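The values are calculated or read from the model by the stated rules, or taken from the named source; none is laboratory data. Just so it is clear, the structure is predicted and the values come from calculations on it, not from any experiment. Don't worry about glycine lacking a Cβ; one is built from the backbone with ideal geometry, like all the others, and counts go over all protein chains shown.
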Amino acid sequence: MLTPDKFKIVGYTQEEANKIDRPTISYWQDAWRRLKKNPVAMVSLVVLCFLVIMVIIGPHIRGYDYITMNVAEKNQGSSAKYWFGTDYLGRDLFSRIWVGARASILIALVATALKLIVGTLYGAAMAHFGGWVDDILMRIIEVLNSLPNLLITILIMMVLGNNMFALLVALSITAWCSTARQVRGMIKQLKETEYVYAAEVLGAKPLHIIIKHYVPNMLSILILNASTAIPQFIFTEAGLSFLGIGLTAPEISLGVLISQGQKTLDFYPSQLVYPCVVLCVIVMAFNLLGDGLRDALDPRLRQ
Amino acid sequence: MAKYLIRRFCELVLTIFLIASATFFLLEAVPGDPLSERADKLPVQSREILYKRYGLDKPMMERYVLTMTRMCKGDFGESFVYAGQTVGGLIHDRLPVSARLGLQQMILGVTVGLLLGIVAATKRGTAIDYMVVGLSVLLISIPHLIFGLMLQKIFAGTLRWFPTIGWPAGKDLWLGGWEYTVLPTLTGCFSYIASYARLLKTSMLDVVNQDYVLTAESKGLSKGAIIRKHILRNSFIPVMTQLPMSVGMCITGSFFIESIYSIPGIGQYYVTAVNNQDLSIVLGETVLLSLLYIIILFITDILYVVVDPRIAMPGQEH
């Protein structure tokens, strides 16, 4: 039998009882801690950093210009002089690949930024105004969503020509729809939460609510959105350039290099292999980092 | 239900109208016209006759109205570049090729992907699981394009096991000429393997933690019976709803594969037609492919309800 006299007070102070033993950790600190524990994600992060450095300084390492032709030394294999060999006009492939990768990554990043910005603003407008505005904006998304993306992209490339601007428009013209839908759902959900009510009741200004509650809650979803969008954009860019409807020579990107490499595939396979490998490494690093971020950021996966 | 169907139908008509108009004006905005290459070398008189024959002598808005009215009757007109070629004939000649390629890819890719997904989920945390996950990340990270070129180089170029390019025609159109279809099918099926393995694995792991699985376990059901009767049935919902989307995507997804292996499919011709500004063909293909895609989206929405009775019929309130 348990009786009160079997318990005795060992002594405590109010201060000790209220003390928090461990430091408080914000959501982002926690996510970063989780990400650090994931070796695959960290390796891909390092690889990505390396790639970013390489696309900036890579073309200058060997001291060969990426457009200077040297017909005496065309179609060479890897050597101490030309690490990745030269192409059919005797241009240094090492420099060309990093310039091409720079274009590919840049296109993917800008297209992703466009997708996120347009999608967020559109989704926020839908959730904020509601009613018939929401209805009409939603119908527009449904119409855009029911079109095969690739057809639209090809058509737009045809009209605007083969340049960087056209490619960005073509890539992001339908991509923002999914972001807009997610943001709309998210804000609608957040609007109903108790802590947003509480903030409103306590007299918080709309800007404060947006910055303190909406943005931090949506940020993780937007980051995940970006991490899946970037590899997709790199893929599409390479594919379009390969078909001759993305960027075309003399502009270079990994897609352009791959399509040039395919022409000499039978005799000089290295000209195709190097750009392909770089493309795959970039995409794989983004994909693996994305997986790691999903595990780190998604609260539902936490045990 | 009837209200919902009517709404969907109106949306379909509107969407098709918008896409047709957009395609028309986009192609009109490209400088030059589809006939100039053929007509420039001809004498003025023949040139006029040629332009008249294709109706290009009329102002743009008049042609727009004409094209749209004819389109409503199902007539997209004749190709500007290849005399006598119509959209109907094109669909008849080329759609079976793309359809066979797409079907083979999907059947192989989805089957293998689902099997791998089941294995990965049931053997969670073992070496097999990590291998499947690693494989699917690898397969997702290598574009179609590179797979196609690699397979072509190795198995058709170096080893000479399969022909480099080409596609069976005539009586071999559906069954036969398998050696031509192996490499393109493999190229396309990898992405299905990867995505379906991931999809089913995630969905199975979601279901494993449900209470009814715990109940089944405590009732003493065998592991196989739990997987078959409870886990698989419930985790197939996302798979079932993903399938029609894959059918839709595999039509346009094969554009690259058709280009690599010179397969005379509908995608390869689309790219050529866009490059030639062949308005009638582009318009026809765009409208038909969009129509197909929209119908597939509609089937997907209905499927959600059929496979998961917990979801209310679209247009119905709970």
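Scanning region A:252-290 for residues that are of a type outside the set (V, I, T), more than 10 Å from chain B (Cβ to nearest Cβ) and out of contact with any Ser or Thr (no Cβ under 6 Å at 6 or more places or on another chain) yields A:L257, A:Q260, A:K263, A:F267, A:Y268, A:S270, A:Y274.
Residues in region A:177-196 that are of a type outside the set (D, E, K, R) and farther than 15 Å from A:L116 by Cβ: 6 in all.
Do we find that B:E217 is of a type in the set (D, E) and under 30 Å from A:D295 (Cβ atoms) in this structure? When the stated conditions are applied, B:E217 passes them. Every test in (1) at pLDDT 75 or above; (2) assigned to a loop (DSSP other than H, G, I, E, B) is passed by B:W167 save one, and that test is (1). Residues of region B:62-79 being within 26 Å of the chain's Cα centre (by Cα) and surrounded by 14 or more Cβ atoms within 10 Å (Cβ to Cβ), which ones? Of everything in region B:62-79, those that are within 26 Å of the chain's Cα centre (by Cα) and surrounded by 14 or more Cβ atoms within 10 Å (Cβ to Cβ) turn out to be B:M68, B:M71, B:D75, B:F76, B:G77, B:E78, B:S79. Number of residues in region B:201-242 that are touching a Phe, Trp or Tyr at 6+ places or on another chain (Cβ under 9 Å) and surrounded by fewer than 17 Cβ atoms within 10 Å (Cβ to Cβ): the value is 1.
Here region A:146-155 is the region considered, the condition is being more than 7 Å from chain B (Cβ to nearest Cβ) and at pLDDT 75 or above, and the residue that is surrounded by the most Cβ atoms within 10 Å (Cβ to Cβ) is A:T153. For beta carbons closer than 8 Å, sequence separation of 6+ or different chains, a first residue in region B:275-298 that is more than 9 Å from chain A (Cβ to nearest Cβ) and a second that is small (G, A, S) and in a helix (DSSP H, G or I), the qualifying pairs are B:I281/B:A273; B:L283/B:A20; B:V287/B:A20; B:I296/B:G248.
Restricting attention to region A:10-29, the residues that are at pLDDT 80 or above and in contact with a Lys or Arg (Cβ under 9 Å, 6 or more places away or on another chain) add up to 0.
Exactly one residue out of A:L297, A:L301, A:L247, A:L293 is surrounded by 21 or more Cβ atoms within 10 Å (Cβ to Cβ), more than 8 Å from chain B (Cβ to nearest Cβ), farther than 20 Å from B:L145 by Cβ and at pLDDT below 80: that is A:L297. When region A:17-45 is filtered for residues that are exposed (fewer than 12 other Cβ atoms within 10 Å of the Cβ) and of a type outside the set (D, E, K, R), the ones remaining, listed by number, are A:A17, A:N18, A:I20, A:P23, A:T24, A:I25, A:S26, A:Q29, A:P39. For region B:6-45, filtering for residues that are more than 19 Å from B:T67 (Cβ to Cβ), modelled with pLDDT of 80 or more and of a type in the set (V, I, T) leaves 1. For region B:94-125, the tally of residues that are without any contact (Cβ under 8 Å) to a residue 12 or more places away in the chain and within 20 Å of the chain's Cα centre (by Cα) stands at 4. If you filter region B:1-37 down to residues that are over 23 Å from B:L56 (Cβ atoms) and facing another protein chain (nearest Cβ under 9 Å), you find that the one that is surrounded by the fewest Cβ atoms within 10 Å (Cβ to Cβ) is B:L14.
Right, B:S98: closer than 30 Å to B:F298 by Cβ and polar (S, T, N, Q) or not?
Values: closer than 30 Å to B:F298 by Cβ: yes; polar (S, T, N, Q): yes.
Here the answer is yes, as B:S98 does meet what is asked.
Checking each residue in region B:41-52 for being under 20 Å from B:E78 (Cα atoms) and either loosely packed, with under 11 Cβ neighbours inside 10 Å or of a type in the set (S, T, N, Q) (or both) picks out only B:S46. Of the residues making up region A:175-233, those that are among the hydroxyl-bearing types (S, T, Y) and either loosely packed, with under 12 Cβ neighbours inside 10 Å or part of a helix (DSSP H, G or I) (or both) are A:S178, A:T179, A:Y195, A:Y197, A:Y214, A:S220, A:S227, A:T228.
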